[in-house]
Amino acid sequence: MAYRVEIGLKPTIRDARGEKIKRRIIDNLNIIVDSVVTVDVYTVDAAMSAPEIEKVASGPFLDPIIQEFSIGKPLRDDFDWAIEVGYKPGVTDNIGRTAREAVELLLQRKFKAGEGVYTSVLYLIRGKLTKEQAERIATGLLANTLIQRFEIKERPSWNPDVGMGIIVPKVASSKEGRVLEINLRVSDEELMRTSSARVLALTLKEMKAIRNYAEDPGVREERKKIGLGENLTDCELEALAQTWSEHCKHKIFNGLIEYRDEEGKVWRIDSLFDTYIKRSTEEIRQAMGEKDWCVSVFKDNAGVMRFNEDWNIVFKVETHNSPSALDPYGGALTGIVGVNRDPFGTGKGAKLIFNVDTFCFAPPDYSKPLPPRLLHPKRIYEGVREGVEHGGNKSGIPTVNGSIVFDERYAGKPLVYCGTGGIMPRNILGEPSHEKQAMPGDLIVMTGGRIGKDGIHGATFSSEELHEESPTSAVQIGDPITQKRMTDFLLRARDLGLYHAITDNGAGGLSSSVGEMARDCHGCRMYLERAPLKYAGLDPWEILLSEAQERMTLAVYPEKIGPFLELAKRMEVEATVLGEFTDSGKFHILYNGQTAAYLDMDFLHNGLPRMELKARWEKKVHPEPTFNDPPDLTAALKKVLSRYNVCSKESVIRQYDHEVQGGCVIKPLVGAYNDGPSDATVLRPLLESWEGIVVSSGICPRYSDIDTYHMMACAIDEAIRNNLSAGGNLKQMAGLDNFCWCDPIQSEKTPDGEYKLAQLVRANQALYHYTRAFGVPCISGKDSMKNDYLIGDTKISIPPTVLFSAVSVVSDVRRCITMDAKRSGDRVYILGETYNDMGGSEYYALYGFIGNQVPKVNAPRAKALYEALGRAIQRGLVASCHDCSDGGLGVALAETALAGALGMEVDLRKVPSSGVNRNDVLLFSESQSRFVVTVHPEHQRTFEECLKGNVFAEIGSITGGSTFTITGLHGKTAVRANIFELKEAWQRPLRW
Amino acid sequence: MKKVKALVLAGNGINCEMEMAHACRLAGSDVVDIVFLYDILSGEVKLDDYHFLNLPGGFLDGDDLGAAKAMAHRLKYAKIAGSGERLDEVIFRFIREGKLILGVCNGFQLMVKSGLLPGLKGIYGKQALTLTFNDSGRFEDRWVYLKVNSNSPSIFTRGLKGLYLPVRHGEGKFIPKNDEMLAELERKNLIALQYSDPDYRKPTLEYPLNPNGSASAIAGICDETGRLFGMMPHPEAYLYFVNHPRWTREKVPEEGMGLAIFRNAVEYVRKNL
């Protein structure tokens, strides 16, 4: 029988959670309420006696100092409206899982099938609300109806003996799993209907290729032998769709492209990936020769580079955009714990040492009407932030770097970039750790969580725009603790040499993980009925595809399986043998003794026809503003500092643990009050060594409106600049490219596809040119190509966006520096030249303009400057260094001063520039490759010698007090403000 | 000379075990073992073989039932294979033998929820106070100033005046069962650490110096023997000067301030056990 246990705070105790909800109801929904009180509800559905449930309610569920409980009847009755929110059947309920373990321990028995604990939260609201307002609070704030259920009761209609009543959200299904056949010998229209009805996201050409395979006489003969009919099974079709998805195969990046440039010249590009990204890395590695520090690039789940003689660094960045659009919390949480498994599943597995996160949202004060299925940007912001907080903090991985970019066009799909770095010994038990191979005869073992219907079609769903029928099953919730237990266990198994190979279960679930590993040995045989399920009633294809989280797939030597399973059991991790790797050449899947899939490995991985696409570039011309240079730029500086893209992100940063593991030595917040914006973060992954890694990123989608070539160049330059500002090392710096694009395939849905593809080509060309020129090879990357929203007539496409992440290795973190001004009397320098690069700037955006002169990067000049700056920092000549990016020199100067809590005097007449005759341009132009540096007077001469041959100038000094003064070109004061006023302008916008 | 043996607990959501073990090593402990809870439950590792039990920070069981709550429940009910002893019985014996326990953050929450602290009148095992959600309703990572009570019996804070350390928690607000208990903690000088002004002089209730709204600005307490100590801020996060958030602009001592806590513990073991 089921019991309902309510746990609430004693009336004398402050309900911080209730207060937070109250604030959000008022701030976000504009509904006035007097108070909100929260009650935790546990619905325990298990065979238990009344004394036993009493023991549970007063034991593990209760904090007796501050809480009280009731069983079977409501704990409180003083409210006007009650809203209860719980999960829908089958959705991961982490608290319910922990509660269940606690009850099992108390009863000293495991739950039987069908028994469970379910949690929900009861919000008791006082205030005069209409029914409609109560519903708005429920759906607009408390519950995400995709994954959660809610119930509303008004006080008068409330029965005090029953309260909200007992609801058991159990998955009720007893159906037997079945394998279905799918007839592909049908019309083209019918083929496409199958593709879209099953969310296969396959094109007609691809569907036909699959049909041709099934029609092949040789294939038919073999299938007959194994007991299969002429049609493919649903398992086969679904496995092919996952393996062939844009998400997994990067069809656009690997396609054949005919690119027509501005002058009408036509280029044929045979794979953007090979031509630009991979080629650059290969050429850089070749040039490095013996000194090549890249270890494993582009082939594994993450890139691997050398850290020192004994250790390698592993790094990967992913996106989790589509799920985050529908369920920001679950989507982002899954994003972070999902990308954790990439370095963890690289080589033989890495220990995870840092997370990075960059988000792109529509502004939080977005006031346009929201199209159907879209959540308000502020809700997405809060949900994503919280998801990453829980995913990162609970996993014990410091979140060290990131940014938030705002643009209205992210309303249709937010971008959620999540990255994770790891470290692994170069050799484990005498073998290189970055190498792995499943061998024929190895057992297929799945560890971690169980399989449910969650996340089905994630890979194909994210290979489409967000539309009316986007499946809600793709949304899921991660469980960091189950994953932490698993990673604790697997690192131990790794060091004991208990397995050959490891990979993660992400997009495509087992079909992808096993399918990928089986490439090593050329075949596999897997028995789906052995897979542990969260609940009964899954069809075999669902078991094969489910993206249920927290699972790794391993190849375990048969002779090691005993100790492997024993260690798993001891460490409370579920591990199951699902089959074995073979050399049969077949992807062979069985279910209850019958073959459910029997595909040629070669067809599965290489049968995909290539895409042939057209791209046409044209230069867009935007209106130029015509206003005059304002004589006093104080107000403009404050406005630019208050821009969402410029302002402080402290409220978000503080809610992430950036110091766990003890190695964070340049933190994301620096300066006199620990609140200045660090350019990069420096970590010391080995506590006994001074060696470190510097982590930074660059992202500037506004420039895409003018030319994606320069957008890409600027993103690379920004990531490198940020890295160097903290003392990073250009000689051993690796990059990661993460492309997020809007659909670039010409079609009825996308009439400007050829232009968007040309934008992609140009970004890739820049990536090749600039990574080469700087000698910063990409070691890993990812693309997400369908970031559009299309329902009815409303189409919202993101601006083409690339996050470029940089990681460099430094030999001594004690040489690293921060961006805050240090002492009064220090001299202020600008490094680099300023041009009229106002196109795409924050200053122009402030006035609603884009403009045309986009910043361009002069790589050879920049590189010479970077090397000189690096030498100066290494010699200890630089007191502070801050890069000029969004908001230009004005913002960089202000941030340097306010972070150091010191005044500053600067003269714009001394700023090296070319073609600039306005103060606002000098202050707000976003010309690249520039830094604001402060230098102690005693180092001035040596510093200048060090920089000789580069463009730089002393432009002012750090002063005592708190006055920030900038003298303009005509010798008059252009900006005069107190740094604390500037700081307030910079901190206010996102200080929630 | 006496060999000092420290055990650092790991597993099930604990996540500061590496730096905690590193702190023990730097402090001079001869043996430092990171031991998974499961290895104690399986009987393979015996707590009795150690002098100094470290309960590091993390998210035990995800803090799903409230910080460290499910783990406190486990101490009460989980039995060790072979001997059949409950985990808490083993810990009580450890205490009786005069050994040391340090709980940091989630480890402090565990000590409180399982009744290891404050252990008034030598009675352990019954929860008498709590650590709950910060007044801000948020998890926060920020550095705080801590005034040390020099009259406290805590052997961990001997010779210290003040500490500057990071807090990283969402549930650090100290609430005693009642005012009498708070008065008793004060009278017996069990309040070893308080959030304070930057001069380490005045305890403060003012946010963000007091990051969570703790009663009497309490950041850490000890039991009457001074051998059991719990604190919300992280001493293991400040072992080197480069951990200090302003080492690039201020003169800070070569050794991180947090190390003193571990040095005191190791020295105590060497002299007394």
Binned at 5 Å starting from 0, the alpha-carbon pair-distance distribution of region B:182-273 in whole percents comes out as 3, 12, 16, 21, 21, 15, 8, 4, 0
In chain A, taking the dipole from +1 charges on Lys and Arg beta carbons and -1 charges on Asp and Glu beta carbons about the Cα centre, the listed residue (A:Val39, A:Gly227, A:Pro751) farthest towards the positive end is A:Val39
Computed for A with B: buried accessible area summed over both chains, 1.4 Å probe, rounded to 100 Å², at 5500 Å²
Of the listed links A:Lys453/A:Lys569; A:Lys278/A:Lys586; A:Lys110/B:Lys76; A:Lys20/A:Lys983, those spanning more than 20 angstrom between alpha carbons are A:Lys453/A:Lys569; A:Lys278/A:Lys586; A:Lys20/A:Lys983
So, with points 7 Å from each Cα along the Cβ direction, the B:Glu44-A:Asn592 label distance in nm works out to 3.9 nm
Rh (Kirkwood, all Cα-Cα pairs) for region B:5-272, Å, reads 18.2 Å
Taking alpha-carbon centroids only, region A:257-294 lies from region A:308-331 a number of Å equal to 25 Å
Across the alpha-carbon set of region B:87-238, Rg over Rh with Rh taken as the Kirkwood radius works out to 0.94
For the pair A:Ala50 and A:Asp602, the simple spin-label estimate (label points 7 Å beyond Cα toward Cβ) gives in nm 7.3 nm
Taking chain A and counting helices only, DSSP H stretches of n ≥ 4 at -39,500 (n - 2.57) each over all residues, the nearest-500 ellipticity at 222 nm comes to -9000 deg cm²/dmol
Once the dipole of the protein assembly as shown is set up from charges on Cβ (+1 Lys and Arg, -1 Asp and Glu), the residue from the list A:Met164, A:Ser245, A:Met517 lying farthest towards its positive end is A:Met164
Expressed to one decimal in nm², the mean projection of the alpha carbon convex hull of region B:26-113 is 5.9 nm²
A student asked for the Cα radius of gyration and Dmax of region A:894-953 in angstrom ought to give 13.1, 34
Cα extents of region A:576-724 along the principal axes, largest first, in whole Å, come to 81, 54, 29
Under 16 Å by backbone N from the virtual spin label 7 Å along Cα-to-Cβ at A:Arg610, the residues of region A:188-213 are A:206
The FRET efficiency for B:Glu254 and A:Arg193, from their Cβ-Cβ distance with R0 = 60 Å and rounded to 0.05, is 0.25
So the FRET efficiency between A:Asp34 and A:Glu408, C-beta based with R0 = 30 Å and rounded to 0.05, is 0.30
On the formula 1/(1 + (r/R0)^6), with r taken between the Cβ atoms of A:Arg875 and A:Tyr673 and R0 of 41 Å, the FRET efficiency rounded to 0.05 is 0.90
Averaged per residue, the 1.4 Å probe accessible area of the protein assembly as shown, protein heavy atoms only, in Å², is roughly 34 Å²
Cross-link reach from A:Lys948 to lysines, straight Cα distance under 16 Å and at least 8 residues apart if same chain, gives A:Lys863
Averaging 1/r across every pair of distinct alpha carbons in chain A and inverting yields a Kirkwood hydrodynamic radius, in angstrom, of 29.9 Å
Straight-line reach check, A:Lys972, cutoff 20 Å on alpha carbons, 8 or more apart in-chain or any other chain, hits among lysines -> A:Lys638, A:Lys910
The alpha-carbon center of region A:600-656 and that of region B:181-201 are separated, in whole Å, by 51 Å
Label model pair A:Glu215, A:Glu905: point-to-point distance (7 angstrom along the Cα→beta-carbon line) in nm is 8.4 nm
Straight-line reach check, A:Lys131, cutoff 16 Å on alpha carbons, 8 or more apart in-chain or any other chain, hits among lysines -> A:Lys153
One point scatterer per Cα, no solvent, Debye formula: log10 I(q)/I(0) for region A:325-447 at q = 0.11, 0.18, 0.19 Å⁻¹ comes out as -0.49, -0.91, -0.96
Cα-Cα longer than 31 Å, checked against B:Lys121/B:Lys173; A:Lys10/B:Lys99; B:Lys46/B:Lys173; A:Lys560/B:Lys2; A:Lys639/A:Lys667; A:Lys348/A:Lys782, kept in input order, equals A:Lys10/B:Lys99; B:Lys46/B:Lys173; A:Lys560/B:Lys2
Between the alpha carbon centres of region A:22-84 and region B:1-66 the gap in Å comes to 35 Å
Here region A:2-157 gives, from Cα atoms, an Rg and Dmax in Å of 16.2, 49
Sorted largest first, the Cα spans of region A:245-382 on the principal axes come out in Å as 58, 50, 27
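Write down, largest first, the equivalent ellipsoid semi-axes of region B:191-234 in whole Å, where each equals the square root of 5 times an eigenvalue of the alpha-carbon gyration tensor.
Values: eigenvalues 79, 21, 14 Å².
Taking √(5λ) for each eigenvalue gives 20, 10, 9 Å, largest first.
With +1 on each Lys and Arg Cβ and -1 on each Asp and Glu Cβ, and nothing else charged, work out how big the dipole of region A:2-157 is about its Cα centre, in Debye to the nearest 20.
I would put it at about 220 debye.
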Here the residues of region A:63-99 lying in the modelled label zone of A:Lys10, meaning backbone nitrogen under 13 Å from a point 7 Å along Cα-to-Cβ, are A:63-69
Computed on Cα atoms, the radius of gyration and Dmax of region A:883-983 in angstrom are 13.3, 38
Given 25 °C, 0.890 mPa s and a Kirkwood radius over Cα pairs, the Stokes-Einstein diffusion coefficient of region B:68-144 in µm²/s is 178 µm²/s
Excluding ligands, DNA and RNA, the carbon-plus-sulfur percentage of the accessible area of chain A with a 1.4 Å probe reads 48 percent
Whole-percent tail of the Cα-Cα distance distribution for region A:136-289, cut at 18 Å, equals 77 percent
In whole percent, the fraction of accessible protein surface over chain B that belongs to carbon or sulfur atoms, probe radius 1.4 Å, stands at 50 percent
The size of the Cβ-based charge dipole (Lys, Arg +1; Asp, Glu -1) of the protein assembly as shown about the Cα centre, to the nearest 20 debye, is 2240 debye
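The values are calculated or read from the model by the stated rules, or taken from the named source; none is laboratory data. Quick caveat: nothing in here was measured; it's all calculated off a predicted structure. With ideal geometry, Cβ positions are generated from the backbone for all residues, glycine too; neighbour counts draw on all protein chains shown. The area values use the complete protein model at the heavy-atom level, side chains included, leaving out ligands, DNA and RNA. Shrake-Rupley method; radii C 1.70, N 1.55, O 1.52, S 1.80 Å.
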